[in-house]
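K.L.:
Below you'll find the structure I mean.
The values are calculated or read from the model by the stated rules, or taken from the named source; none is laboratory data. For clarity, every value in this text was computed on a predicted model and none was experimentally measured. Here the Cβ positions follow ideal geometry from the backbone for every residue, glycine too, while neighbour counts run over all protein chains shown. Accessible surface is based on the protein model in full, side chains and every heavy atom, while ligands, DNA and RNA are left aside. Shrake-Rupley method; radii C 1.70, N 1.55, O 1.52, S 1.80 Å.
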Amino acid sequence: MPQNFGNVGIEFNRKNVALWKSTDQSTTYSANGINFTSDKAVDGNGDGNFDSHTCTHTKPGNYNPTWNVYLGNAYYIIAIKIKNRNDYREYLF
């Protein structure tokens, strides 16, 4: 099942330490010239509307999808917030 979500926030001392950090994902879905790249999850845009091209998305048929963020430091994490896209909720984990 492809993986897709709108935005990720990892909080340390009430600050999103994932914002604009380096990311990668196992595959990248593309449609109509738009690449749904891993960095869209940490760009601060929590729109969640797939048609706004603000979400990350792996390719269909990727049955073991992964997404990673590299924080650059060690943190004591107090919260991880994942905002899914607004549509196709039956396909989301």
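K.L.:
When the residues of the stretch 50-61 are narrowed to those that are under 13 Å from the mean Cα position of the chain (by Cα) and open to solvent by 10 Å² or more (accessible area, probe 1.4 Å), which ends up modelled with the lowest pLDDT?
P.N.:
Phe50
K.L.:
Filter the stretch 27-45 down to residues that are of a type outside the set (S, T, N, Q) and either more than 12 Å from the chain's Cα centre (by Cα) or open to solvent by 30 Å² or more (accessible area, probe 1.4 Å) (or both) and give me whichever is farthest from Thr58 (Cα to Cα).
P.N.:
Gly44
K.L.:
If you take the residues in the stretch 12-26 that are open to solvent by 60 Å² or more (accessible area, probe 1.4 Å) and touching a Gly at 6+ places or on another chain (Cβ under 9 Å), which one is nearest to Thr66 (Cα to Cα)?
P.N.:
Ranking the candidates gives Ser22 first.
K.L.:
Can you find even one residue in the stretch 29-48 that is polar (S, T, N, Q), assigned to a helix (DSSP H, G or I) and under 10 Å from Arg85 (Cβ atoms)?
P.N.:
The answer is no, given that none of the residues of the stretch 29-48 is polar (S, T, N, Q), assigned to a helix (DSSP H, G or I) and under 10 Å from Arg85 (Cβ atoms).
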